[in-house]
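First up is the structure itself, then whatever we jot down about it.
The values are calculated or read from the model by the stated rules, or taken from the named source; none is laboratory data. Everything numeric in this text was worked out from a predicted model, so none of it was measured. Heads up, the Cβs are rebuilt from the backbone with ideal geometry, glycines too, and the neighbour counts pull from every protein chain shown. Surface accessibility is based on the protein's heavy atoms, side chains included, excluding ligands, DNA and RNA. Shrake-Rupley method; radii C 1.70, N 1.55, O 1.52, S 1.80 Å.
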Amino acid sequence: MIKSMTGYGKGEAECEGLRFTVELRSVNHRYCDVSIRLPRRYTALEGDIKKCVSGSISRGKLDVTLTIEGTEGAALGLELNIPLADSYYSALCTLKYRLGLAGEITVRDISSVPDIITMKEEPLDIKRDWSFIEAAIKKGLTALDDMKRAEGVALTGDILGRLEQIDRAIDDVEERAPVVVASYKNRLADRIRGMGYEPDQGRLVQEVACFADRCDISEEIVRLKSHLGQFKAIAVSPEPSGRKLDFLLQEINREVNTIGSKGNDAVISQKVVDVKAKIEKIREQVQNIE
């Protein structure tokens with residue numbers, strides 16, 4: 001089944017007053033590109049997060065954001081640097097005595113010194129937290145996949161509809177091809193008669209045979225129909241199909257171009273122009289397929 005590369009998913013998990021929230025945003029990209037934003041204290045989990053999400057994404061640019069609520073009070077504490085405070089107080093007392101300064105040395109004077117009071121991070125239980133973060137990621141991936149599949153259904157309907165139109169146009173081209181040769185034969189014979197001569201049937205047949213060989217598009221039509229059949233089969237298969245469809249679309253376009261150059265007929269040329277327009281529309285849709 002076709003899946004879009006565009007989607008959004010969110011998952012949450014809670015543990016002992018902590019809420020782990022994972023948001024996943026996916027957009028078009030030629031390859032699988034995963035970017036992760038998470039709190040500094042959880043940087044060690046970046047590799048695990050990337051491994052967890054990469055197994056579910058084959059193509060697209062995926063932004064993963066981890067936020068944690070209820071961690072500030074539990075994760076941070078205050079630490080006093082008593083030796084530094086003693087040294088600073090002694091230095092202030094010496095300075096006051098040497099310079100004959102008035103006033104008392106207050107707590108504010110001491111506490112304003114950098115590194116006297118620092119924030120101390122409490123140790124994390126990474127293993128415990130990871131199990132809940134992983135659960136949030138999986139919930140987010142499920143929601144993301146649901147959205148991508150829903151959009152994929154719309155993409156599939158649009159693409160298959162255009163492929164049906166291409167099929168009908170190619171059938172018209174195939175039906176038109178023999179008429180092109182017969183029309184050329186009649187035009188050539190009429191031109192010779194217009195010059196006052198009766199066409200030599202042997203030479204006429206030879207010339208028409210050469211023309212028919214030059215404008216023969218039967219092989220291109222066979223290959224084109226084969227590519228279209230493969231395209232449809234891949235579009236409804238359960239595997240990620242974006243890259244395969246992109247490749248097949250190039251092959252389809254190549255065969256259509258060859259038919260246009262060899263067809264040697266205004267009607268066929270117009271059909272080719274219509275088909276190429278539909279191929280371009282399909283190409284725009286394929287760029288959004290995972």
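In this entry, Ala135 passes the filter for residues that are in a helix (DSSP H, G or I) and open to solvent by less than 60 Å² (accessible area, probe 1.4 Å).
Filtering region 208-225 to residues that are touching a residue at least 40 places away in the same chain (Cβ under 8 Å), closer than 13 Å to Glu174 by Cβ and charged (D, E, K, R) leaves Asp216, Glu220, Lys225.
Just a yes or no: is a residue in region 70-82 open to solvent by 60 Å² or more (accessible area, probe 1.4 Å), in contact with a strand residue (DSSP E or B) (Cβ under 9 Å, 6 or more places away or on another chain), at pLDDT 85 or above and under 19 Å from Ala13 (Cα atoms)? Within region 70-82, none of the residues are open to solvent by 60 Å² or more (accessible area, probe 1.4 Å), in contact with a strand residue (DSSP E or B) (Cβ under 9 Å, 6 or more places away or on another chain), at pLDDT 85 or above and under 19 Å from Ala13 (Cα atoms).
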